[in-house]
Amino acid sequence: QVQLVESGGGLVQPGGSLRLSCAASGSIFSIYAMGWYRQAPGKQRELVATISNADGTNYADAAKGRFTISRDNFKNTVALQMNSLKPEDTAVYYCNADNVLTTWGTSRDYWGQGTQVTVSS
């Protein structure tokens, strides 16, 4: 079994910062990419940022210049530093682990349970 556990969400004022963290645990041999997605009420889940095991990054336009994704391959953790937050960043943020190869030889994607980020004055 593989589990992703997120932390760091909360309520912040516009212009503030938050740091989200996600730790993957279980029978993990390797993870190709890790990332963050978000889903606002009434909207589809959308990409925020991803980072590969070679530290290649991909950001949504809305995240560029404000958010920074980082990863520790040895600890199987990923973090998202979010600065200059706006009310439109309000959403449930989900951690994703893409193409997780387990020690049993299976391979699939995994999702965390989500953490709420609310940007409001």
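Remarks
- Every residue from region 105-121 that is in a loop (DSSP other than H, G, I, E, B), without any contact (Cβ under 8 Å) to a residue 60 or more places away in the chain and either within 21 Å of residue 9 (Cβ to Cβ) or polar (S, T, N, Q) (or both): 106
- Taken over region 73-104, the criterion of being assigned to a loop (DSSP other than H, G, I, E, B) and open to solvent by less than 60 Å² (accessible area, probe 1.4 Å) is satisfied by 76, 83, 85, 90.
- Residue list for region 1-53, filter: among the basic types (Lys, Arg) and not in a loop (DSSP other than H, G, I, E, B): 19, 38
- Enumeration of residues in region 55-67 that are surrounded by 13 or more Cβ atoms within 10 Å (Cβ to Cβ) and within 29 Å of residue 103 (Cα to Cα): 57, 58
- Subset tally (residues that are on the phi > 0 side of the Ramachandran plot and either open to solvent by 40 Å² or more (accessible area, probe 1.4 Å) or of a type in the set (Ser, Thr, Tyr) (or both)) for region 2-29: 2
- Selection status of residue 51, more than 15 Å from the chain's Cα centre (by Cα) and aliphatic (A, V, I, L, M): no
So that you can scan it fast, the table gives a plain yes or no per residue for (1) closer than 20 Å to residue 115 by Cα; (2) touching a His at 6+ places or on another chain (Cβ under 8 Å); (3) among the aliphatic types (A, V, I, L, M):
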site: 19; (1), (2), (3): yes, no, no
site: 23; (1), (2), (3): yes, no, yes
site: 30; (1), (2), (3): no, no, no
site: 35; (1), (2), (3): yes, no, no
site: 38; (1), (2), (3): yes, no, no
site: 42; (1), (2), (3): yes, no, no
site: 47; (1), (2), (3): yes, no, yes
site: 57; (1), (2), (3): no, no, no
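- Just one residue in the set 52, 70 is open to solvent by less than 30 Å² (accessible area, probe 1.4 Å) and free of Cβ contacts under 8 Å to residues at least 24 places away in the same chain; that residue is 52.
- Pairs where the first residue, in region 17-38, is without any contact (Cβ under 8 Å) to a residue 60 or more places away in the chain and the second is among the charged types (D, E, K, R), C-beta under 6 Å, 6+ apart: 37/45
The values are calculated or read from the model by the stated rules, or taken from the named source; none is laboratory data. This one's a predicted model, so the numbers in the text were calculated from it and none came from an experiment. Reconstructed Cβ throughout: ideal geometry from the backbone, glycine too, with neighbour counts over all protein chains shown. All accessible areas refer to the heavy atoms of the entire protein, side chains included, with ligands and DNA or RNA removed. Shrake-Rupley method; radii C 1.70, N 1.55, O 1.52, S 1.80 Å.
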